[in-house]
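Q: Handing you this structure, nothing more for now.
The values are calculated or read from the model by the stated rules, or taken from the named source; none is laboratory data. Keep in mind the model is a prediction, meaning the values are calculated, not measured. Heads up, the Cβs are rebuilt from the backbone with ideal geometry, glycines too, and the neighbour counts pull from every protein chain shown.
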């Protein structure tokens with residue numbers, strides 16, 4: 001099944017999508033020319049440096065865009081969030097996608113370097129706490145997550161599992177996922193030394209093969225089905241919530257973060273760059289966001305979850 005057909009099989013019905021991002025984009029980043037038919041004429045080569053957590057989404061957005069505009073070629077370069085911005089600031093990429101907001105230090109670097117930085121939120125992601133499918137533990141609180149990644153809980157038996165060591169699979173400190181766990185669960189402390197993983201795929205592979213493994217990945221990485229996502233409670237004794245888009249949208253799932261798309265001012269690749277960002281923030285691009293298990297940022301006034309019709 002191709003991407004266009006998958007987009008149509010969305011589980012959410014979108015109402016009253018905002019156009020704010022498109023207006024801001026045309027003013028702040030640039031405009032494009034039109035072909036003979038009056039349609040936008042996108043062509044050329046665009047490098048997109050992309051945080052690993054957003055990789056499945058952005059690769060699919062790029063494939064769909066290139067199908068619609070055969071003259072365009074978009075190359076997605078996987079990295080971490082800080083690396084994506086470094087490539088953007090150095091002129092090695094026309095667009096950067098990061099799995100967090102731009103930090104104050106990064107905005108300062110851009111300002112001091114005379115770089116006009118334009119930032120747009122394209123999705124809201126949840127960070128899932130994943131374990132081996134055979135692990136008996138199904139739910140944890142944020143405090144327990146801090147214990148598991150901070151070294152205070154060393155055996156799964158301490159929270160109702162089997163007597164086996166906790167083996168954290170952790171990303172490096174430049175990762176947006178690392179930063180979220182550090183800030184939201186560990187209150188600014190660093191995780192204990194575990195198995196260092198360079199990508200989300202490595203985290204999934206390690207946890208799937210290690211009975212005592214635990215890691216954290218974005219929601220899009222759960223579609224592969226090789227690991228189990230734990231339900232999470234914000235406070236001890238609170239309700240445990242599934243790691244899924246509806247819970248993130250309703251602010252019930254506690255581990256949430258934005259996906260941001262960033263560009264700099266300037267004429268280089270302006271037409272294709274503006275076109276791609278506009279596409280990602282358009283209704284079609286946001287339907288891809290939803291179909292990847294994330295929450296679209298062009299939030300409607302309400303979201304109605306459609307029930308599938310029962311076969312007659």
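Q: Go through 102, 95 for me and flag whichever is touching a helix residue (DSSP H, G or I) at 6+ places or on another chain (Cβ under 8 Å) and surrounded by 20 or more Cβ atoms within 10 Å (Cβ to Cβ). If you could, list the steps in order and put the result at the bottom.
A: Details: 102 fails: surrounded by 20 or more Cβ atoms within 10 Å (Cβ to Cβ).
After ruling out the rest, the residue left standing is 95.
Q: Please find, among 131, 170, 142, the residue that is under 24 Å from the mean Cα position of the chain (by Cα), assigned by TED's automatic domain parsing to the domain that holds residue 244 and modelled with pLDDT under 95.
A: Working: 131 fails: modelled with pLDDT under 95; 142 fails: modelled with pLDDT under 95.
Being under 24 Å from the mean Cα position of the chain (by Cα), assigned by TED's automatic domain parsing to the domain that holds residue 244 and modelled with pLDDT under 95 holds for just one of 131, 170, 142, which is 170.
Q: Moving on. With respect to the numbered conditions (1) modelled with pLDDT of 90 or more; (2) in contact with a helix residue (DSSP H, G or I) (Cβ under 7 Å, 6 or more places away or on another chain); (3) within 14 Å of residue 148 (Cβ to Cβ), which one is the sole condition not fulfilled by residue 218?
A: Result: residue 218 fails condition (3) only.
Q: State which residue pairs qualify: first residue in the same structural domain as residue 91 (by TED's automatic domain parsing) and inside segment 110-122, second residue surrounded by fewer than 15 Cβ atoms within 10 Å (Cβ to Cβ) and outside any strand (DSSP E or B) in any location, beta carbons under 6 Å apart, and separation of 6 or more residues or different chains.
A: 116/265
Q: Out of the residues in segment 117-136 that are out of contact with any helix residue (DSSP H, G or I) (no Cβ under 6 Å at 6 or more places or on another chain) and surrounded by fewer than 20 Cβ atoms within 10 Å (Cβ to Cβ), state the one that is farthest from residue 61 (Cα to Cα).
A: Residue satisfying both the conditions and the ranking: 136.
Q: Can you name the helices (runs of 4 or more DSSP H) wholly within segment 94-197 that have at least 1 residues being under 30 Å from residue 272 (Cα atoms) and out of contact with any strand residue (DSSP E or B) (no Cβ under 7 Å at 6 or more places or on another chain)?
A: 104-112
Q: Next question, about the same structure. Run down 58, 22, 26 and say which single residue is at pLDDT 50 or above, within 26 Å of residue 91 (Cβ to Cβ) and in the same structural domain as residue 282 (by TED's automatic domain parsing). Spell out how you get there, then give the answer.
A: On the way: 22 fails: at pLDDT 50 or above; 26 fails: at pLDDT 50 or above.
The conditions single out 58.
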